[in-house]
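Visitor: I'd like to ask you about the structure that follows.
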Amino acid sequence: MHAPDIDQRILDLPVAVDLTEGAVLLEVDLSGTSEQIWAHLTDPELLATWSPVVPERPLTEVGPVLAREEPGAEAFAADVVAIAGEHALSHRFGDDLLEWLVDEARATLKIDLADPSSAALQVTGWQVCLGVLDARLDGQDQERIVGRDALDHGWEELLTRHAEELGLPARPAK
């Protein structure tokens, strides 16, 4: 069972999206400070509370790292490509490249997509995760929502919204 307020928080999260050639950009204002957000982007224990990327080590140094969505799941590449202080981080998420920028309480995520037609799916998944992060930064003991669990938290409505915003089909053609 899930708290209904997390579903509303996810749906109402002020996420601005934009599509560029081969990449999708998300901007969101989150609860908490830049230091708190940065810790939640780089610390494996904190990532395990909200993100589908749970690395084997902190994402604070350039170099290879494996990650899993769940303990025991197949590992994928989350290699740290670049880092700048405590405000910019680029790392792999499987075949995609994620570039995070933290400025005050604003987080910007640019995803260089291996499959640009999956942009609406990617934005939807990250909005669910960022809604959980926002709740946790706001002091709520919210459980992580990743993978198929996201389907129970406004997924279809968000997917339709983002597909329309981006001018893309909700699901890529096979």
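The values are calculated or read from the model by the stated rules, or taken from the named source; none is laboratory data. Quick caveat: nothing in here was measured; it's all calculated off a predicted structure. Because the Cβ atoms are built from the backbone with ideal geometry, glycine has one as well, and the counts that use them run over all protein chains shown. Protein only, heavy atoms only, side chains kept; ligands, DNA and RNA dropped before computing areas. Shrake-Rupley method; radii C 1.70, N 1.55, O 1.52, S 1.80 Å.
Visitor: What order do you get for 18-26, 52-60 when each peptide is scored by the mean count of other beta carbon atoms within 10 Å, highest first? Intermediate results must be reported in sequence, preceding the final value.
Guide: Details: 18-26: 15.2, 52-60: 18.7.
So the peptides 18-26, 52-60, ranked by packing, come out 52-60, 18-26.
Visitor: May I pose another question? Simple spin-label model, 7 Å along Cα-to-Cβ: ALA39 to ARG57 in nm?
Guide: Using points 7 Å along Cα→Cβ, the separation is 2.2 nm.
Visitor: Given 0.36 nm per residue, what is the gain on full extension from THR108 to THR20 after removing their alpha carbon distance, in nm?
Guide: On the way: separation 88, 0.36 × 88 = 31.68 nm, distance 1.43 nm.
Answer, rounded to one decimal: 30.2 nm.
Visitor: Also, I was wondering about something else. Calculated from DSSP H runs of 4 or more alone, at -39500 (n - 2.57) each and per residue, what is the 222 nm mean residue ellipticity of the chain, nearest 500?
Guide: Numbers: 5 runs with 53 residues, N = 174.
That comes out to -9000 deg cm²/dmol.
Visitor: For ASP96 and LEU66, compute 0.36 nm times the residue count separating them, minus their Cα-Cα distance, and round to one decimal in nm. Please report the intermediate quantities before stating the final value.
Guide: Values: separation 30, 0.36 × 30 = 10.80 nm, distance 1.40 nm.
Gain in length upon complete extension: 9.4 nm.
Visitor: Give the carbon-plus-sulfur fraction of the accessible surface of the stretch 1-68 in %, rounded to a whole number; probe 1.4 Å, heavy atoms of protein chains only.
Guide: Carbon with sulfur: 55 percent of the solvent-accessible area.
Visitor: Here is a further query. At 1.4 Å probe size, with the rest of the protein present, what percent of the exposed accessible area of the stretch 112-174 is carbon and sulfur atoms? Walk me through the numbers before you get to the answer.
Guide: Details: 1400 of 3070 Å².
The value for the stretch 112-174 is 46 percent carbon and sulfur by accessible area.
Visitor: Here is a follow-up. Which value, in Å², gives the accessible area per residue of the chain when a 1.4 Å probe is used on the protein heavy atoms? Numbers along the way, then the final one.
Guide: Numbers: 8660 Å² over 174 residues.
I get 50 Å² per residue for this part.
Visitor: Hey, another quick one. For the residue pair HIS87 and GLN8, what label-to-label distance in nm results when each label sits 7 Å from Cα along the Cα-to-beta-carbon direction?
Guide: With each label placed 7 Å out from Cα toward Cβ, I get 3.5 nm.
Visitor: Using the 2.2 N^0.38 Å rule of thumb for compact globular proteins, work out how the chain stacks up: its C-alpha Rg over that value, please.
Guide: Working: Rg = 15.0 Å, N = 174, 2.2 N^0.38 = 15.6 Å.
Against the compact-globule rule of thumb, the ratio is 0.96.
Visitor: Using the basic label-point model (7 angstrom from Cα toward the beta carbon), what is the GLU165 to ALA75 distance in nanometres?
Guide: Simple spin-label model gives 3.5 nm for this pair.
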